[in-house]
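Presented below is the structure to which this report refers.
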Amino acid sequence: MTKKLGAEFIGTFWLVLGGCGSAVFAAGLPGVGIGYVGVALAFGLTVLTMAFAIGHISGCHLNPAVSIGLWAGGRFPAKELLPYIVTQVIAAIAAAGVLLFIASGQADFSIAGGLASNGYGDHSPEGYTMVAGLVTEIVMTFMFLFVILGATDARAPKGLAPIAIGLCLTLIHLISIPVTNTSVNPARSTGPAIFVGDWAISQLWLFWVGPIVGAILAGFVYRWLGGDGSGD
């Protein structure tokens, strides 16, 4: 278990550092910024690379919603949920702290920019409402977990799951960055919110509730549709 949690820490740290870091440092650079498309790709690449690196050690969840969805789908034991979730959240906070430290090295940096926090209403990138944000997070996380459960099914093509999962997360970001800045991951949302405080903390509930509801629904639906994924 210690090795599993160590792998989850490194993987989740990389997801927040790479995904949120691309948004903080590279998205809006005049003329050469990577924009929404680049940030979407960055998040997908963090998962794809870590799935190959640690998937065989911890399963490469990197996300409380993924752990909960895999439990709902009959793929993950309940007794390991809390240690995984705590580790993922701590890793996300650590990565956000590193991002803040690096970003503070720029003379005109301000935490008011949000440090890639998720939000709705006035804090949605394009001004979407709370209800729109909640539905987006539920549906996007449902689809993410559905792809994860299908791609890692014993009957699925071998060795290709990381590619499918990474591309799915990229697509999810392409759709939903304008709405909520894309969470589908409570740990990823918690890390930056801890340092931003204020509105980011008050809106954080949505980025726990939405992803968890979507993940549980996907776990139950895939379990009904495809069985437990054991190949039996």
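Accessible surface area normalised per residue over the stretch 1-98 is 42 Å², counting heavy atoms of protein chains with a 1.4 Å rolling probe. Expressed as a whole percent, the accessible surface of the stretch 1-154 that belongs to carbon and sulfur atoms is 72, based on a 1.4 Å probe. With unit charges on the beta carbons (Lys and Arg positive, Asp and Glu negative) and the dipole taken about the Cα centre of the chain, which residue among Gly97, Cys168, Ile148 sits farthest to the positive side? Of Gly97, Cys168, Ile148, it is Ile148. With respect to the chain, whose longest principal axis is taken over its alpha-carbon atoms, helix 161-180 is tilted by about 40°. Exposure check, 1.4 Å probe, all protein chains in place: Asp122 carries approximately 150 Å² of accessible surface.
On C-alpha positions alone, give me the angle between the axis of helix 206-226 and the longest principal axis of the chain, in degrees, nearest 10. With both axes taken from Cα atoms, the answer is about 20 degrees. When each of the peptides 97-107, 7-17 is scored by how many other beta carbons lie within 10 Å of its residues on average, the order from highest to lowest is 7-17, 97-107. For the pair Asp108 and Trp205, label points projected 7 Å from Cα toward Cβ lie 3.7 nm apart.
Of all aspartates and glutamates in the structure, those lying under 19 Å Cα to Cα from Lys3, and not within fewer than 8 positions of it along the same chain, are Glu80.
Within the listed set Ala161, Ala27, Ala65, the residue fluctuating most in the Gaussian network model of the chain (springs between alpha-carbon atoms under 10 angstrom) is Ala27. Among 42-48, 153-159, sorting by the average number of other beta carbon atoms lying within 10 angstrom of each residue, highest first, gives 42-48, 153-159.
The long axis of helix 2-21 is offset from the longest Cα principal axis of the chain by roughly 40 degrees. Each residue was assigned an accessible area with a 1.4 Å probe, and for Thr2 the value is about 120 Å². Take the alpha carbon gyration tensor of the stretch 5-102, find the square roots of its eigenvalues, order them as a ≥ b ≥ c, and report rounded if a/c is under 1.5; if not, report prolate when a/b exceeds b/c, else oblate. Prolate is the answer for the stretch 5-102, as a/c is 1.5 or above and a/b outweighs b/c. Values of log10 I(q)/I(0) for the chain across q = 0.07, 0.11, 0.13 Å⁻¹ run -0.20, -0.50, -0.70, by the Debye formula with one identical scatterer at each alpha carbon and no solvent.
The values are calculated or read from the model by the stated rules, or taken from the named source; none is laboratory data. These numbers were taken from a predicted model, which means no experiment stands behind them. All Cβ positions, glycine included, derive from the backbone under ideal geometry; neighbour counts span all protein chains shown. The area values use the complete protein model at the heavy-atom level, side chains included, leaving out ligands, DNA and RNA. Shrake-Rupley method; radii C 1.70, N 1.55, O 1.52, S 1.80 Å.
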